[in-house]
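Worksheet: the structure to be examined is printed underneath.
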Amino acid sequence: MGAHVADSGIQQLPPLLGADDPAVFTIHNPQGRSPFLLLADHAGQRVPQSLDMLGLPQAELDRHIGWDIGIAGTTRALSQRLDAWAIEQTYSRLLIDCNRPLVSPTLIPETSDGTPVPANLGLGPQQRQQRIDAIHAPYHARIDSELDRRRDAGVPTLLVMMHSFTPAMNGVQRPWHAGVLYHQDTRFAHALLQALRAEGDLEVGDNQPYSVNSSSDYAVPVHGEGRGLVHVELEIRQDLIADAAGQQAWAERLERIFRGLQPELLAMQQARSGV
């Protein structure tokens, strides 16, 4: 008789990502020489074929709940202009939000801006862990490896988290053209806030339309504050970067501002690291 294999009670899940699904992230300008390093956690809106659009119509994934509209093109254009390393995350924030800590209740949202997400309802621990292992963990591991490489090579890093926000939320209009977000470390944020306001044609939010904290955000507390890097989270209103012209215009503006701030920011980073 064959050996009896005890039922462990653990269900073997089929793979989340198939051979026809795209890679979890794309690196732009991998040999970029700029001290600026750009992260776009919500750039993509893809869903693995195995999850059948999360049970949503494409129109929902095209909304702001599915991704940060316009930020992929803006990040790519800014990366090219600055000669900066950038990473663009491929999959929808509705699948798993790569700017959330693993304990966050919105890591895998069951509802977003009033829209229920059928494939996220009643997920078990294995299903949640599968999404972490397939998407969240490799994305942040790649960021960690680049930050480690730069540290070990003595290359300075000025970290920018690139995001966009919807012009209205829950029926409330948001007047800001951009928002500068930060947590405990205000060095880059305050310098950028002053520079953007000095443009004269922008209304800029100070920790608006969102604020950052360690229980609701990942990139700032982990990659920025956790490493002692000069960093900022930048939000741009989506209607301003919804097309290629707007993306290029904002990339041009940000390139000019970032280059102007670069000496001051590098001095901050050197003072912090003791170099």
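Points to keep in mind about this one:
- For the set LEU82, LEU17, solvent exposure ranked by accessible area (probe 1.4 Å, protein chains only) runs largest to smallest as LEU17, LEU82.
- Net charge of the neighbourhood of GLY66, taken over other residues with C-beta under 11 Å away and scored Lys/Arg +1, Asp/Glu -1, is -1.
- In the chain, the portion of solvent-accessible area held by carbon and sulfur atoms comes to 51 percent [1.4 Å probe, whole percent, DNA, RNA and ligands not counted].
- Normalised by the number of residues in the chain, the mean separation of alpha-carbon contacts (under 8 Å, six or more apart) gives a relative contact order of 22 percent.
- As a calculated quantity, the FRET efficiency between ALA198 and ASP239 at R0 = 25 Å, using C-beta atoms, amounts to about 0.65.
- Rounded to the nearest 10 square angstrom, SER92 shows an accessible area of 0 square angstrom against a 1.4 Å probe.
- Degrees separating the helix 244-273 axis from the principal Cα axis of the chain, which is the longest one: 80 degrees
- Given [x] 115; [y] 124; [z] 158, the label whose value is volume of the Cα convex hull per residue in Å³ derived from this model: [z]
- Alpha-carbon Rg with Dmax, taken over the stretch 98-190, Å: 17.4, 49
The values are calculated or read from the model by the stated rules, or taken from the named source; none is laboratory data. Quick caveat: nothing in here was measured; it's all calculated off a predicted structure. Quick reminder, even Gly has a Cβ in these numbers, built from the backbone with ideal geometry, and neighbours come from all protein chains shown. All accessible areas refer to the heavy atoms of the entire protein, side chains included, with ligands and DNA or RNA removed. Shrake-Rupley method; radii C 1.70, N 1.55, O 1.52, S 1.80 Å.
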